[in-house]
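All remarks here apply to the structure that follows.
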Amino acid sequence: MIDSYKHKGLRKQLVNEIRRKGISDEGVLKAMEAVPRHFFFDSSFLKFAYDDQPFPIGAGQTISQPYTVAYQTELLNVKKGDKVLEIGTGSGYQACILACMGAKVFTIERIKSLYIKAKALLPEMQCNSIKVFYGDGYKGLPTYAPFDKIIVTAAAPLIPEALVEQLKIGGYLVIPVGGSGGQVMNRVIKTSGSDYEIEGHGLFRFVPLLNEREDI
Ligand code: SAM
């Protein structure tokens, strides 16, 4: 796929729109201007890639709205070299944004067809610092823990204890919590081996986290 001047121009406009909506972290905005979002779309839908909207990626799932990606990434406060776990690989776009900011990314996807697609696409994007896993994100990735940061990109009914356990002390977990009517973006800050604080941020609407029993 080609990243033309037209695509770059559309991306610049999208980043300006996201900035106007309140995102101010220059590292996030720079990564969003650098990563070609249209590479994560099927060729027939390229014209939708630079709208500030979520878009279907198959299997009933979506690539998140760019503003939401920026909002979650800003809350995560990503530093170069951070070890970041993402739950919900989807298209791979969010993972690529994190990698572009210098994070070492571990990402888990529950739906096999999406996992296979993202695993094949991400190396083509020269996102070498991303490891893609097929599995249930509720459990995290105990073998690779602890993580500096964890981001969940689907709605959780509550904060999974396994994910808090896999955070370093001082680490952040950014997770939308709530039911199908909408979720509050929570930032969980781990303050000691057994304690954490929860901050509530904006309201969002995500697809739900799928549980272990669903066969997919
Ligand atoms: N971050 C993605 C991107 O950049 O395209 C968008 C994520 S989409 C809104 C949510 C994703 O979470 C879907 O791909 C879905 O299959 C995945 N998911 C749902 N439940 C999961 C679980 N228990 N473990 C891992 N992934 C899960």
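Only the coordinates and a few stated rules stand behind these numbers; no lab work does. All values derive from a computational prediction rather than experimental measurement. In this analysis, Cβ positions are derived from the backbone assuming ideal geometry, glycine residues included, and neighbour counts consider all displayed protein chains.
Of the numbered criteria (1) of a type in the set (Val, Ile, Thr); (2) crowded, with 16+ Cβ neighbours inside 10 Å; (3) closer than 12 Å to Leu85 by Cβ, the one Val177 fails is (3).
Results for (1) surrounded by fewer than 22 Cβ atoms within 10 Å (Cβ to Cβ); (2) within 13 Å of the ligand (Cβ to nearest atom), shown as yes or no for each residue.
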{"site": "Thr73", "(1), (2)": "no, yes"}
{"site": "Gly81", "(1), (2)": "yes, no"}
{"site": "Gly88", "(1), (2)": "no, yes"}
{"site": "Ser91", "(1), (2)": "no, yes"}
{"site": "Ala103", "(1), (2)": "no, no"}
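Yes or no, residue by residue, for (1) under 19 Å from the mean Cα position of the chain (by Cα); (2) charged (D, E, K, R); (3) within 18 Å of Thr62 (Cα to Cα):
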position	(1), (2), (3)
Met125	yes, no, no
Thr143	no, no, no
Asp148	yes, yes, no
Val152	yes, no, yes
Leu163	yes, no, no
Gly171	yes, no, no
Glu197	no, yes, no
Phe204	yes, no, yes
Leu209	yes, no, yes
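Of the set (1) over 21 Å from Arg110 (Cα atoms); (2) surrounded by 17 or more Cβ atoms within 10 Å (Cβ to Cβ); (3) in contact with a helix residue (DSSP H, G or I) (Cβ under 7 Å, 6 or more places away or on another chain), all apply to Ser129 but (1). Inside region 54-109, counting only strands (runs of 3 or more DSSP E) that do not spill past its ends, which hold 3 or more residues that are within 12 Å of the chain's Cα centre (by Cα)? Filter on region 54-109 gives 83-87, 104-109. Taken residue by residue, region 66-80 has at least one member that is over 30 Å from Leu210 (Cβ atoms), touching a residue at least 60 places away in the same chain (Cβ under 8 Å) and among the charged types (D, E, K, R).
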